[in-house]
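Some notes on the structure that comes next.
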Amino acid sequence: MTTTDTHCPYCALQCAMRLTVDDGGVTVEPRDFPTNLGGLCQKGWTSASLLTAPDRLTSPLVRDASGELVPTTWDAAYDVIVEAITRVQRESGKDAVAVFGGGGLTNEKAYALGKFARVGLGTAMIDYNGRFCMSSAAAAGTRAFGLDRGLPFPLADLGGADAVLLAGSNLAETMPPSVQHLAGVRSRGGLIVIDPRRTPTAQLTQDGGGIHLQALPGTDIVVLLGILHCVIAGAAVDETYIAERVNGWDAVKRSATQWWPEAVERATGVPAAQIRSAATLLAQASPLRGGAGAYVLTGRGAEQHAHGTDTVTAAINLALALGLPGTVGSGYGCVTGQGNGQGGREHGQKADQLPGYRKIVDPAARQHVAAVWGVDADDIPGPGVPAVELLSRLAEPGGPRVLMVHGANPVVSAPDASEVRRRMAALDLLVVCDFVPSETTHLADVVLPVTQWAEESGTMTSLEGRVLRRHKAVDAPEGVRSELTILHDLAQRLGSKATFDTDPSTVMDELARASAGGVADYGGVSHERLDSGEAIYWPCPDSESAGTPRLFLDRFAHDDGRAVMVDVRPAPVADDLRSEAPIYLVTGRLLQHYQSGAQTRRVRELVKAQPSAFVQIHPITAQRLGIDEGERVRVESARGVTVAPARLSDEVRRDTVFMPFHYSGGACVNDVTNPATDPISGMPEFKVCAVSLSRVDEAVAS
Ligand code: SF4
């Protein structure tokens, strides 16, 4: 029997767990850890099932002349890939090959993938599914603070606050163990949740826990401006803090003054009295008023919009006005979603970035990274394009003809997914690395079977910016390889000037050198230090540094050390209501499933609990449309149609329906969602679009 301490394969809470391996298989137990406090959700408890998935991929597959994916050798699969890449790049240029990465890859893999794209393939065309996850928060955080780390403080700090505002975050369902950190604020009545649904998180405000602001989809920014208006009216602005630490206040103040609570109520449906109460809770909790502290947190509900960066900026403006960021016991943060959503966006998978969150257009950054990679700075391509644009260019004239996908299932998770499927089918070659079949591997020309969480060593960076060790507990099945090996092998065959190591610890050492001096500085991070039990939060510039659990205590990361407020204004939903599409559709997660569901839809207990998609409809709306509980409902937008049974619930607004995004086939909600993107972050507007509803046996939409 062996035991191995590691972390959950799924979300960014990265709950600590112990894996026991004996003749009976692998058993999961939670470990006490500051973030999960000994808890796991149902996904974590059942995660060992992934290791014995009956349809585990254990051999490379290549599509044969009859169109079937058939097993082959690694050499033969590599030959197909290298021939296609070489031919396509000779005919159409380096950018004719694209790479799509994932926010679940370890730091080492994410780093190696970014390097492989730039100097193995020589392409600028790389981006990743984290663009769908929290890029608007990243853009807003960088704009305001000069640095983007989801939570710039340990999660446990929330426990001491008198008020916590959650804008579009459903923690109780997406990462249940984290709710333990809200016990204190609930007991003091200070939890404020902005959400169009009465989610499990919103329900935590009941019985004196706080306030639920059930805003119209797409209007979170108005709610935040209204709360700021009340903070100003109540003389709760920390003028000294602003004078010492913040630029841009005058314009923001002028803009907020027009958002009287009654105007906010008209725009959002949130009663004016609730707006005032939320402002009072935050003000009384703030350091200025001698409170124990207040936090403003955003999640995907606020961020996944065509103007998500501005909505997050409104949340940051509110926090800055109250003097919260960079103050111990208070702050602003973004609740990261994907397992390595933080580290995955720091080391080169993003279209415009090099390791260490360096800008790819910065000559000094290019020089530094080129020296680590052993290439000329001129060998590193310029910026590529964000994920939605990258996918929209596939197989278009002048666009990528070959795509390599790593740790992602974009034909389910991308907006307007049916269009993405059509484009992928038209590629010269689609290569997908995964450990189980997915809807994207089904379209692939070559599938490469890879290791998964408990079969590999590496690091993940959690939602609070702490670098965690992922330890190997079991051997991978025969025939499976790590992406580090695959990238090494392909780079060698493609004649890359740069070398690609296959040992995760050595790759981390290289990542540390490449990121050193950058914004996300891992210069002092090593597997050895982490294995000794050190709790390292980046930035950690050298081996003497203990890391930085709390950012911004002395200064923000802009050159002048000050935070920047930006005057932001509400904008309409990109695909707004109209007579033929009179209801808003919002999408989100369920407790039992993760992302596109490629992993969790093959875990028996999780499927039993949530077997299929559904359309959550308010009973009054359903009655008006003649839809009964369980009846199949056709949901149609300007992009497409999806069908799922009705689940009647008064937890959703009457003008809104909700669907989970974990399902595929005819119930793939992303066949309906809108690919309109935020102009700053490139984040698509997953969270809201206009739809019509009808029973499937009806010919006419409502
Ligand atoms: S899915 Fe998230 S909340 Fe659930 S056990 Fe894993 S890390 Fe924890």
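Residues satisfying the criterion are absent from segment 67-76 (criterion: more than 16 Å from the ligand (Cβ to nearest atom), under 17 Å from Ala444 (Cα atoms) and touching a helix residue (DSSP H, G or I) at 6+ places or on another chain (Cβ under 6 Å)). Scanning segment 256-282 for residues that are over 19 Å from Gly208 (Cβ atoms), modelled with pLDDT of 95 or more and more than 30 Å from the chain's Cα centre (by Cα) gives Trp259, Trp260, Pro261, Glu262, Ala263, Glu265, Arg266, Ala272. When segment 167-182 is filtered for residues that are within 12 Å of the ligand (Cβ to nearest atom) and either outside the structural domain of Gly299 (by TED's automatic domain parsing) or assigned to a helix (DSSP H, G or I) (or both), the ones remaining, listed by number, are Leu171, Ala172, Glu173, Thr174, Pro176, Pro177, Ser178, Val179, Gln180. Flag: Gly189 matches the condition of being farther than 18 Å from Arg654 by Cα, assigned to a loop (DSSP other than H, G, I, E, B) and away from the ligand (no atom under 16 Å from the Cβ). Looking for whichever is more than 26 Å from the chain's Cα centre (by Cα), of a type outside the set (Lys, Arg) and either surrounded by 15 or more Cβ atoms within 10 Å (Cβ to Cβ) or not in a strand (DSSP E or B) (or both) here; the options are Val80, Val99. Which one fits? Exactly one of Val80, Val99 is more than 26 Å from the chain's Cα centre (by Cα), of a type outside the set (Lys, Arg) and either surrounded by 15 or more Cβ atoms within 10 Å (Cβ to Cβ) or not in a strand (DSSP E or B) (or both), namely Val80.
Contact map, segment 329-351: first residue more than 16 Å from Thr174 (Cβ to Cβ) and among the charged types (D, E, K, R), second residue modelled with pLDDT under 90 and in a loop (DSSP other than H, G, I, E, B), Cβ cut-off under 9 Å, separation 6 or more or different chains; pairs are Arg345/Cys133; Arg345/Met134. Scanning segment 551-604 for residues that are surrounded by 14 or more Cβ atoms within 10 Å (Cβ to Cβ), in a strand (DSSP E or B) and more than 16 Å from the ligand (Cβ to nearest atom) returns Ala563, Val564, Ala581, Ile583, Tyr584, Leu585, Val586, Thr587. Restricting attention to segment 66-105, the residues that are closer than 12 Å to Met125 by Cβ and among the polar types (S, T, N, Q) add up to 2. Tell me, please, whether a residue that is assigned to a loop (DSSP other than H, G, I, E, B), touching a Phe, Trp or Tyr at 6+ places or on another chain (Cβ under 9 Å) and of a type in the set (A, V, I, L, M) can be found in segment 453-472. The answer is no; no qualifying residue exists. Would you check if Pro415 is in contact with a strand residue (DSSP E or B) (Cβ under 6 Å, 6 or more places away or on another chain), at pLDDT below 95 and either assigned to a helix (DSSP H, G or I) or not aromatic (Phe, Trp, Tyr) (or both)? Answer is yes for this residue. If you filter segment 15-48 down to residues that are touching a helix residue (DSSP H, G or I) at 6+ places or on another chain (Cβ under 7 Å) and in a helix (DSSP H, G or I), you find that the one that is farthest from the ligand (Cβ to nearest atom) is Gln42.
When the helices (runs of 4 or more DSSP H) confined to segment 194-289 are screened for residues that are small (Gly, Ala, Ser), those reaching at least 3 such residues are found at 249-256, 272-285. Of all residues in segment 519-545, those being among the aliphatic types (A, V, I, L, M) and assigned to a loop (DSSP other than H, G, I, E, B) number 4. Residue count for segment 319-335, restricted to those that are in a helix (DSSP H, G or I) and either surrounded by fewer than 24 Cβ atoms within 10 Å (Cβ to Cβ) or assigned by TED's automatic domain parsing to the domain that holds Asp678 (or both): 0.
For segment 164-178, does any single residue satisfy the condition of being farther than 22 Å from Ala273 by Cβ and among the β-branched types (Val, Ile, Thr)? Within segment 164-178, one or more residues are farther than 22 Å from Ala273 by Cβ and among the β-branched types (Val, Ile, Thr). Residues considered: Leu151, Leu121, Leu165. Of these, the only one that is farther than 30 Å from Leu490 by Cβ, buried (at least 24 other Cβ atoms within 10 Å of the Cβ) and more than 18 Å from the chain's Cα centre (by Cα) is Leu165.
Only residues that are within 12 Å of Pro177 (Cβ to Cβ) and more than 14 Å from the ligand (Cβ to nearest atom) were counted in segment 1-14, giving 0. Could you please let me know if Glu439 is among the acidic types (Asp, Glu), within 22 Å of Val70 (Cβ to Cβ) and in the same structural domain as Asp75 (by TED's automatic domain parsing)? So Glu439 fits the description; yes. Does any residue in segment 30-59 that is β-branched (Val, Ile, Thr) come within less than 8 Å, Cβ to Cβ, of a residue that is within 11 Å of the ligand (Cβ to nearest atom) and not in a helix (DSSP H, G or I) six or more places away or on a different chain, and which pairs are these? Filtered contacts from segment 30-59: Thr35/Leu13; Thr35/Gln14; Thr35/Cys15; Thr35/Ala16; Thr35/Ser462; Thr35/Leu463; Thr46/Val28. Do you know which residues across segment 632-663 are of a type in the set (Ser, Thr, Tyr) and crowded, with 23+ Cβ neighbours inside 10 Å? Of everything in segment 632-663, those that are of a type in the set (Ser, Thr, Tyr) and crowded, with 23+ Cβ neighbours inside 10 Å turn out to be Thr642, Tyr663.
The values are calculated or read from the model by the stated rules, or taken from the named source; none is laboratory data. Model, not experiment: these values are computed from the prediction. Counting neighbours? That spans all protein chains shown, and the Cβs are built from the backbone with ideal geometry, glycine included.
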